[in-house]
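Any read-out appearing in this document is the output of simple, stated calculations on the displayed coordinates, not a laboratory observation. As the structure is a prediction and not an experimental result, all values here were calculated from the model. In this analysis, Cβ positions are derived from the backbone assuming ideal geometry, glycine residues included, and neighbour counts consider all displayed protein chains.
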Amino acid sequence: MTEETRERTASELTGEDLVLSYADEPVIDGETVTAEPGAVTALVGPNGSGKSTLLKGLADQLSPDEGTVLVDGEAVSEMGSKALAKRLGLLSQESTSPDGITVEQLVYHGRYPHRGFFETITETDREHVDRAIELAGCGHLRDRELGSLSGGQRQLAWIAMVLAQDTDVLLLDEPTTFLDLHHQLEVMEIIETLRSESEVTIVVVLHDIQQAARIADRIVALKDGEIRASGEPQAVITEELLANVFEVDARVERTERGPRIEPLRPRHDEADPPQADRPGGVELPTD
Amino acid sequence: MSNESSTGGQTVSSGPRSRFGWLFDPALLSVAGASVVVVFVGGMVQISHGSYSMSYVEAWYAMFNREVLFDPAAWQSFLFGTEMPEVSTESLVIWNIRLPRVIVAVFVGMNLAVSGAIFQAVTRNELASPFILGVSSGAGLAILLTLVVLSGVSLGLPLLVPALSLSAGGVLTAALTVAAVVGIPASWLYAVRSATRSAVVGAAGLTAAAVLGFGLLAVVGTGPLAFASISVVVSVSALLPLLAAVGGITAFLIVYAIAWKNGTSPVRLVLAGVIVSTIFTSLQTSLFFFADNVGVVQSAVAWTNGSLTGADWEQVRIVLPWSILAMGLAMAGARQLNVLLLGEQTARSLGVSVERVRFGLASVAVLAAAASIAVAGIVSFVGLIVPHLVRSLVGTDYKKLIVGCLFVGPALMVVADVGARLGMGLLTGSGVQVPVGIVTGLIGGPYFLYLMRRQENIGEI
């Protein structure tokens, strides 16, 4: 139990002056972003805004051309791959599920960075797996094979795997996209539980700005690879931001549970800043 | 829901509970048991038939002759090539002539099956076989070159460690393979460490490292003056097994070099494999036109289709160490293979160095394939079909899959070799032996078709 609940103060994740590019085309061109310890930071923005790229950069999946990513001041590029995987977990969008393995077997893979080459499963591993499965609420799926699960159930299993990794920082790439309403709320609930009950720093890419407003302590809004706004949801989510970043007319209501957004119509006007790359284009709400 | 999950800690139903607990899976145990029976029965049939005729009972007694079974001198002769002690003719026929062929078949089947299983995970391609990354075409070209172009050439070779009482070929195989096994990963680490270093340079370095081993040999060989006192003359054909293996490994490295561009991807690897295979196969086929006589062509066909004719303890000695090494590494890498199957990004986020692991495991698979090529030529289909068969029986967990392949591969190979050696005799009464690769194709093809028709998700890895 001592190792299980090892003393942990939440870690700070910082990306400093990051330049991230695909095929020599910079997507993110020198941005700095900080995820505060123990808080939930949501990255939002329209399609192609670079939010997923930024997350990949923070996860060290995409090495930055310039700039550094730091966990508590330590550069991730200097850490060994397993050492990093013990501190920083990523729920990727591009996972492939081998159909033939059970949920439990998948979750045990989350313990990979904690096990040496010839080490077997320890009591600690078992405790973390049980805790992760409970947290992700997929105990009833434990012995089911991945191939027999619905998309939403599978997502819960993947979340359990990342939780079993037991990291200080958790990066989630659009965890709610493509899920039905029930499972979207399940995922939101998991994030809320993590925020209130454990010292994990969470960065989550969300497509739904309303969801972001609900669970995030801080919101970072991106457009065309630039951070346009960041701060508390109350301060960031304004009708003006929705018009500029998302190109929609919307009404924003201040409520006790944070801002409530009512989208009205897409904007077609030419009054938009000239750097809007698709003037008049209607953004579909999928990636 | 929460009730169930809170009791989850007590369930002992699945999941890896202890180091070897997963081995006691009923499906895996029955697969292994059935395979052992098949190997045993196939082996008994194989050793009971031949030009020196004996009954099954006689063969049984000769096989389990205490004089051989518990004689250290006999085992020394088998494993290290020393003088064979006096035994009965039956035991001599069985132990010296017929049994080694069965043993070689066992190892070849093992190597090919495990190699195929690894390649199916590494390339994430259900059609992958040990030969998907150009290994067979490289080996085939080397075989044809050796038989057609170099058949008359003799090399003076330095016998570096005569005291080891191994044959010249054995020593050289060992030296070269050690160089490849140690040198390639070392240079790879060097190339991968620095992200900015041009990948082509790194991969070219690898190819060079592999070719260097052989190049050095040639240089030393052509300069017999310096080593005249301790060199023996070996005809190039005697080095055929070695050259075939080196050809296969070289082709694999070329494929990797072509596929590398800031890292590889399964698709790039497979495409590069197809390209290199096409070119090498064309060159190989064109060489047939330069063959002097039918004997050379038959020999080439036997090698490029895989044959165990004439397999001897010498072949056992060649294949044994590499099989043990490759199988051990494959078992150790099973967990990495499992994580690799979760997708590249997830594997990386779990702390797997994807490129390094991919190359390392592919090298293990190529080593296994090369070992089997060196003793049996290019046996097709075993490496493709056995992993599928095992997967349909024990599931997708690579730890079980590899162990299953260790048993089912030999079973298929031994049975196929019985067909290759005795089948024509049964059908036509002639004593002609066909290459075993033809039989594996004949058994494997229809079985694969059956598997495909029966299961909808045949391709799922």
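Computed quantities for the displayed model
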read-out	value
Ranked packing of B:385-396, B:261-272, B:71-82, most packed first, by mean Cβ within 10 Å	B:385-396, B:261-272, B:71-82
Ranked by how many other beta carbons lie within 10 Å on average, peptides A:161-167, B:324-330 from highest	A:161-167, B:324-330
Average other protein chain Cβ within 10 Å of Cβ, residues A:139-150	3
Percent RCO, i.e. relative contact order, over chain A, from Cα pairs under 8 Å lying at least 6 residues apart	23 percent
Cα centroid of segment A:28-104 to Cα centroid of segment A:156-224, whole Å	13 Å
Degrees between helix A:181-197 axis and first principal axis of chain A (Cα, 0 to 90, nearest 10)	70 degrees
Relative contact order of segment B:30-126, defined on C-alpha pairs under 8 angstrom at six or more residues apart (%)	25 percent
Table column - 3J(HN,Hα) (Hz), segment A:129-136, Karplus curve with 6.51, -1.76, 1.60, x for Gly and Pro	5, 4, 5, 5, 5, 5, 4, 7
Of A:Q210, A:Q61, A:Q234, the one that fluctuates the most in a GNM where chain A has Cα springs shorter than 10 Å	A:Q61
Residue-averaged beta-carbon neighbours from other chains (10 angstrom radius) around A:90-99	6
Where labels lie 7 Å past Cα in the beta-carbon direction, separation of A:D24 and B:S265 in nm	1.8 nm
Selected from A:L206, A:I237, A:I227, residue furthest toward positive end of dipole (chain A; charges at beta carbon)	A:L206
Segments B:334-342, B:352-360 sorted - mean Cβ within 10 Å per residue, highest first	B:334-342, B:352-360
Modelled label reach - B:I279, point 7 Å along Cα→Cβ, segment B:124-141 residues with backbone N closer than 13 Å	B:134, B:138
GNM flexibility winner over chain A from A:G137, A:G48, A:G100 (Cα, springs under 10 Å)	A:G100
Only Lys, Arg (+1) and Asp, Glu (-1) charged, at Cβ; chain A dipole about Cα centre in debye	640 debye
Shielding score for B:346-359, defined as the mean number of other chain Cβ atoms within 10 Å	6
